[in-house]
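First up is the structure itself, then whatever we jot down about it.
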Amino acid sequence: MSDTSENVDVRWHQHAVSRVEREKKHGHQGCVIWFTGLSGCGKSTLANLVDHTLHARGLQSFVLDGDNVRFGLNASPSLLKERHGEDFAKRFGLGFSSLDREENIRRIGAVAELFAQAGLITLTAFISPYRSDRDGIRARLSKGDFVEVFVKAPLEVCERRDPKGLYKKARAGELKNFTGIDDPYEEPENPELVVDSALHSAEELAEIVSDWLEKAGKIPKK
Ligand SMILES: Nc1ncnc2c1ncn2[C@@H]1O[C@H](COP(=O)(O)OP(=O)(O)OP(=O)(O)O)[C@@H](O)[C@H]1O
Ligand SMILES: [Mg+2]
């Protein structure tokens, strides 16, 4: 099959409804709240609690979650193989090698950017272990649109929680390239917010995040 990509003329089409008009209707701006941290640190729990709070306050928010995205947009090679065959799965499936993780986060960043342009407070819950990938998304987005929240918890705490049994599998060598075990987690250097999930309950953390969003003017005051 010949590669026709050079013949494709791709142009940006201007939206008929502007971002500003959408934000005016929502009563707040769109942005991306990017939760990052080790598996089991509490990203999904926190993102969903904040989402619940914002939704209850009449704000427009949505969660993009690591596990869910790997069922569809960034399906694994094994899932794609079942549906579309081996060649397709090899070409488009995403596993957990460093290159695949990079592409996983790049695609999510692009989706989160679209959601922010739609005026949504977009909450993402991905380990996103590599600093360069997170910084890449920050650089793509408009200034102020990317709010990096480091959900901090020591590896021992996350490993003790281990709700999916992943650390156990990684320690047994059944899972390769597992963040914190045999793949690095690069802590954010200048995140907008650091929350400690070993010290605070998820509910307390959700309040800390909501307060921060209010103070930063990302959401209206209660
Ligand atoms: N602040 C907290 N204090 C104590 N336990 C918590 C806290 N936040 C979450 N948990 C618990 O820790 C476990 C892991 O939480 P969660 O699934 O949200 O982590 P995660 O960061 O999304 O992990 P993964 O990257 O694997 O998806 C769950 O059992 C959850 O109930
Ligand atoms: Mg999660």
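No value in this document is a laboratory result; all are computed from the given coordinates. Predicted model, so just to flag it, every value in this text is computed and none were measured. Virtual Cβ from ideal backbone geometry, glycine too; neighbours counted across all protein chains shown.
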Classified through the alpha carbon gyration tensor (a ≥ b ≥ c as square roots of its eigenvalues; rounded if a/c is under 1.5, else prolate when a/b is larger than b/c, else oblate), the chain comes out oblate
Cα-based shape type of the stretch 78-202, given that a ≥ b ≥ c are square roots of the gyration tensor eigenvalues and the cut on a/c is 1.5: oblate
Can you give me the long-range amide H partners of Leu120? Hydrogens built in the peptide plane at 1.01 Å from N, cutoff under 5 Å, separation of 5 or more residues or another chain. Cys31
Using the basic label-point model (7 angstrom from Cα toward the beta carbon), what is the Arg131 to Val194 distance in nanometres? 1.3
Loop GluC sites (Glu not before Pro), the stretch 113-183, which have at most 15 other Cβ atoms in a 10 Å radius of their Cβ (DSSP): Glu174
Report the residue, chosen from Leu94, Leu155, Leu79, that carries the largest GNM mean-square fluctuation when the chain is represented by alpha-carbon nodes joined by springs under 10 Å. Leu79
Would you mind telling me which residue in Glu187, Glu103, Glu86 has the biggest mean-square fluctuation in a Gaussian network model of the chain, where springs connect alpha carbons within a distance under 10 angstrom? Glu86
Which chymotrypsin sites (Phe, Trp or Tyr not before Pro) does the stretch 35-132 hold that lie in a coil by DSSP with at most 11 other beta carbons within 10 Å? Phe71
Candidate cut points under trypsin sites (Lys or Arg not before Pro) in the stretch 77-181, DSSP loop plus at most 10 other Cβ atoms within 10 Å of their own Cβ, are Lys143
Furthest towards positive pole of dipole, Ala125, Val63, His84, structure part the stretch 26-215, Cβ charges: His84
Amide H contacts under 5 Å for Asp183, placed H, 5+ residues apart: Phe178
log10 of Debye I(q)/I(0), alpha-carbon scatterers only, for the stretch 22-101 at 0.13, 0.17 Å⁻¹: -0.59, -0.81
